[in-house]
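Take a look at the structure set out below.
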Amino acid sequence: MINYDDIKSQIIISMKNVEQQYYTPLVAKSELTSDTIKRERNYCYELYHQLRSNKILMEMIKENYTFSSEIDKRGHELFEDDLIPDFILHRPGKMSFENKDNLLVIEVKVVLDSNSYDGIAKDFYNLSLMLSEYGYQYGIFILINHDLNEFKRKFRYICNKSWFANMKENQKEKFSEIDIICSKEEGKIDSIITLEKLMKEADL
């Protein structure tokens, strides 16, 4: 039987194996100088590689689930919403709620500033929607280049975005099944907190 906490532990190990160059890749500024940038897709591609290279994780899920990246749900006859999650752990071609064919959905962000608040709020909206409407059992929001304390300080601004105001009650009921994992730099993972707990701490 699949144990979500065991899967989550292996996801964290895979995250720890992502090197710093994928957090803040270098970009040339001139012939002699360079600078760092933050690119979500750059990190996601390497995380997907690390997930697929994690032999313990692959052995754990091989008889049941498959990791897929950026599966476009637009136009899917069973999906009324336009969704393109960064990662899903699922049984391809099946969608039984009772059999838990859709186990996990993951969204990733690499930047935490005023320009990113709306996108982060949208990720939480989509995670809760996929849990409440489409049978996914668990959600994970991954934030890199920032630690959990930074995220907590900015969380109220994120919650002020309309995505949170537009959430239905059945979406909010899934907050306890959405984990937030922050990793500021290579090899470092902060304590995991659920969206439900973070909302309570922020008195929201």
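For (1) β-branched (Val, Ile, Thr); (2) part of a loop (DSSP other than H, G, I, E, B); (3) on the phi < 0 side of the Ramachandran plot, each residue gets a yes or a no:
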{"site": "Trp163", "(1), (2), (3)": "no, no, yes"}
{"site": "Gln171", "(1), (2), (3)": "no, no, yes"}
{"site": "Ile180", "(1), (2), (3)": "yes, no, yes"}
{"site": "Glu186", "(1), (2), (3)": "no, yes, yes"}
{"site": "Asp190", "(1), (2), (3)": "no, yes, yes"}
{"site": "Met199", "(1), (2), (3)": "no, no, yes"}
{"site": "Asp203", "(1), (2), (3)": "no, yes, no"}
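Just to be sure I understand, how many residues within region 131-140 are in a helix (DSSP H, G or I), modelled with pLDDT under 90 and touching a strand residue (DSSP E or B) at 6+ places or on another chain (Cβ under 9 Å)? Quick ask: steps written out before the conclusion?
Step one: filter region 131-140 for residues in a helix (DSSP H, G or I), giving 131-133.
After this cut, where a residue has to be modelled with pLDDT under 90 as well, the list is 133.
This time we only want the ones that are touching a strand residue (DSSP E or B) at 6+ places or on another chain (Cβ under 9 Å), so: none.
Looking only at that region, the number is 0.
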Single unsatisfied condition, Val105 versus (1) in contact (Cβ under 8 Å) with a residue 24 or more places away in the chain; (2) over 15 Å from the mean Cα position of the chain (by Cα): (2)
Those residues of region 161-191 which are without any contact (Cβ under 8 Å) to a residue 60 or more places away in the chain, more than 16 Å from Leu104 (Cα to Cα) and surrounded by 13 or more Cβ atoms within 10 Å (Cβ to Cβ), in sequence order: Lys161, Trp163, Phe164, Met167, Lys172, Glu173, Cys182, Lys184, Asp190
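The values are calculated or read from the model by the stated rules, or taken from the named source; none is laboratory data. All figures in this text were calculated on a predicted structure; none of them were measured in a lab. Positions of Cβ are generated from backbone atoms using ideal geometry, with glycine treated the same way; all protein chains shown enter the neighbour counts.
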